[in-house]
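Okay, so here's the structure we're looking at.
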Number of protein chains: 2
Amino acid sequence: MKILKERILAEGQVFSGNIIKVDSFLNHQIDVQLLNEIGKAFYDRFKDHHVDKILTIEASGIAIAVIAAQYFKVPVVFAKKSESKLTTGLHYVTSIHSYTKDKTSRVQVAQSYLKEGENVLILDDFLANGEASLGLIDLITQAKAKVAGIGIVIEKGFQEGGIRLRALGYPVESLAIIDRVDENGIHFR
Amino acid sequence: MKILKERILAEGQVFSGNIIKVDSFLNHQIDVQLLNEIGKAFYDRFKDHHVDKILTIEASGIAIAVIAAQYFKVPVVFAKKSESKLTTGLHYVTSIHSYTKDKTSRVQVAQSYLKEGENVLILDDFLANGEASLGLIDLITQAKAKVAGIGIVIEKGFQEGGIRLRALGYPVESLAIIDRVDENGIHFR
């Protein structure tokens, strides 16, 4: 996706440990016009996958999921990382390790919002080692729902997530795949 | 806002401690069509306030803010509750106590994304005691930006947040104000 790649090149910041930060338009400040193009691109790639619902994980994924959902005309469910006084009823639970936060979170979805047989599209901002997607797949599997596909804004092609998910047979569509980062900057596949 | 109130009456769940849960369409599963009507309603109420940016707080606020931002044609910034390896640079920091999570969080916005003189519209899902809005106002004030207004989806009119914010002179627009909850259900103002 050309305008996304141009934006990553113009504003993406690279930090040690292969960390790529796009806080100026995706993960902290959000350019909603760009997000609309991202939503349309996901629709274009998954429109024939009979998507019933979009599943993502808080926090950044929510913005992507709700904008994309306007094109699919389906509801969004976001998996929650923490419990509150509002946590009641039965949940599907999994655990996801976040590399960038260096912490493992218990992640859950209320059983009412993932139903047997539904085709669920996973959308997320980054794909690195695949932990978040695998956790969401686990929740979908527990619900006896189906994974319609996995849509990723930025895949770090030099980490193993993409290989793992594709080897498991899931349709993975990444709008930008970064193959490496070095002293000359960011290199796309 | 009629369709919102009808939805709250149909699907809102009331728990002890005056907790009102709308997880089926706003806080866990999201009805994006309803969210669009909410976004339009905020635009209608604040379109003359010269909004330059929308500020919210993760997680549920993000969905509301990005959909509304499509009408205002401005960027969204969401305040973050936790630090990660990606947390670099200078931040405005405040602390916000969450009643429903029973915990005080350090909340921050990178200084790059709130600028002196900007008119910032705060959007959030619930207004109860006003802690979240007051925290976001604190961040805006630290940045020498201005509060264009505060838009709330559901105000708990029986808690003091609305009174506190209006007494401070901020334009507060709540799409549904709940005056009380009792054994007969939810009563709107």
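Numbers at a glance
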read-out: Restricting the range A:1-56 to residues that are in contact (Cβ under 8 Å) with a residue 12 or more places away in the chain and among the small types (Gly, Ala, Ser), the residue that is farthest from the other protein chains (Cβ to nearest Cβ); value: A:ALA41
read-out: From the options A:GLN142, A:GLN108, residue that is more than 20 Å from A:ILE186 (Cα to Cα) and crowded, with 18+ Cβ neighbours inside 10 Å; value: A:GLN108
read-out: Odd one out for A:GLN70, checked against (1) over 16 Å from the mean Cα position of the chain (by Cα); (2) more than 10 Å from chain B (Cβ to nearest Cβ); value: (2)
read-out: Residue within the range B:153-174 that is open to solvent by 30 Å² or more (accessible area, probe 1.4 Å) and under 20 Å from B:PHE78 (Cβ atoms) present; value: yes
read-out: Single unsatisfied condition, A:LYS144 versus (1) outside any loop (DSSP other than H, G, I, E, B); (2) of a type outside the set (S, T, N, Q); (3) at pLDDT 95 or above; value: (1)
read-out: Condition broken by B:ALA65, with the remaining ones in (1) outside any helix (DSSP H, G or I); (2) facing chain A (nearest Cβ under 9 Å) satisfied; value: (1)
read-out: Any hit, the range B:11-30, residues being in a helix (DSSP H, G or I), closer than 19 Å to A:PHE78 by Cβ, modelled with pLDDT of 95 or more and open to solvent by 10 Å² or more (accessible area, probe 1.4 Å); value: yes
read-out: Checking B:SER133 against (1) assigned to a strand (DSSP E or B); (2) under 12 Å from the mean Cα position of the chain (by Cα), the condition it does not meet; value: (1)
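The values are calculated or read from the model by the stated rules, or taken from the named source; none is laboratory data. Values in this document were obtained by computation on a predicted structure and should not be read as measured data. Counting neighbours? That spans all protein chains shown, and the Cβs are built from the backbone with ideal geometry, glycine included. When the accessible area is computed, the model is the full protein with side chains, heavy atoms only, and any ligands, DNA or RNA have been set aside. Shrake-Rupley method; radii C 1.70, N 1.55, O 1.52, S 1.80 Å.
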